[in-house]
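The block underneath contains the structure these notes are about, expressed in structure tokens.
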Amino acid sequence: DLGVRDLLLVLLLLLVLVLWEVQDHRVLYTWIAGIFLTGAVRLAVFLSYRRSGNKMENAARWERAYFLSAAAYFLCWGLGCLWILPPQSQLHQILVMYFVIGMAGSAVSAFAAYRRIQVGAVSALILPLLPWFLTRGDSLSTGIGLGALAFYLYTLNSAKALSSTLKDKLKLTALLHQ
């Protein structure tokens, strides 16, 4: 999980660097604060879980807390990316979508063991930006939006296949050790 956090921090810094000259710095600072706040909550949930005593007894509570903290974090990314889109620069809008697509792709593998978070993360990242691109009215934006939609649908399908394969492997491993 530390590697994923490091990657997300690097992506955050790169995206801010790319947008620095075309976006109001107060908007970027506010977005960064939201990312760090929701990330800190997510980390606190994770660390509290690690320190807790009987994890199995409270599994449903920990699962819900982890899911909600991850959902808040990825919604902050997805809705935040919509908020930081510079309306005057189509190039920068495309770059924001490029970063979001990359993050969504990494979320599939990072959360392979937990399909709900896979789907939640990918949806929270991509869906907020789709209407922006699909309703701009120019062919480039529409093409980017349709490409992102195709990626989203394909990712949901592959996430389902990955999750199913992982479950089957775990079941087979458990059967072999009986």
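The values are calculated or read from the model by the stated rules, or taken from the named source; none is laboratory data. Worth saying up front: this structure is predicted, and the values here are computed from it rather than measured. FYI the Cβ positions are ideal-geometry reconstructions off the backbone, even for glycines, and counts take in every protein chain you see. The accessibility values were calculated without ligands, DNA or RNA, using every heavy atom of the protein model including side chains. Shrake-Rupley method; radii C 1.70, N 1.55, O 1.52, S 1.80 Å.
Of note:
- On the stretch given as segment 116-155, residues that are of a type outside the set (Gly, Ala, Ser) and either within 13 Å of the chain's Cα centre (by Cα) or at positive phi (or both) total 12.
- All positions within segment 81-117 that are at pLDDT 90 or above and either touching a Gly at 6+ places or on another chain (Cβ under 6 Å) or among the aromatic types (Phe, Trp, Tyr) (or both): 83, 98, 99
- Filtered residues of segment 54-66 (kept if more than 22 Å from residue 120 (Cα to Cα) and either in contact with a Lys or Arg (Cβ under 7 Å, 6 or more places away or on another chain) or exposed (fewer than 10 other Cβ atoms within 10 Å of the Cβ) (or both)): 54, 56
- Scan segment 120-162 for residues that are open to solvent by less than 50 Å² (accessible area, probe 1.4 Å) and touching a Phe, Trp or Tyr at 6+ places or on another chain (Cβ under 8 Å) and the total you get is 13.
- Filter result (hydroxyl-bearing (Ser, Thr, Tyr) and either within 17 Å of the chain's Cα centre (by Cα) or in a helix (DSSP H, G or I) (or both)) within segment 57-97: 66, 69, 73
- The single condition among (1) loosely packed, with under 12 Cβ neighbours inside 10 Å; (2) within 16 Å of residue 127 (Cα to Cα) that residue 51 does not satisfy is (2).
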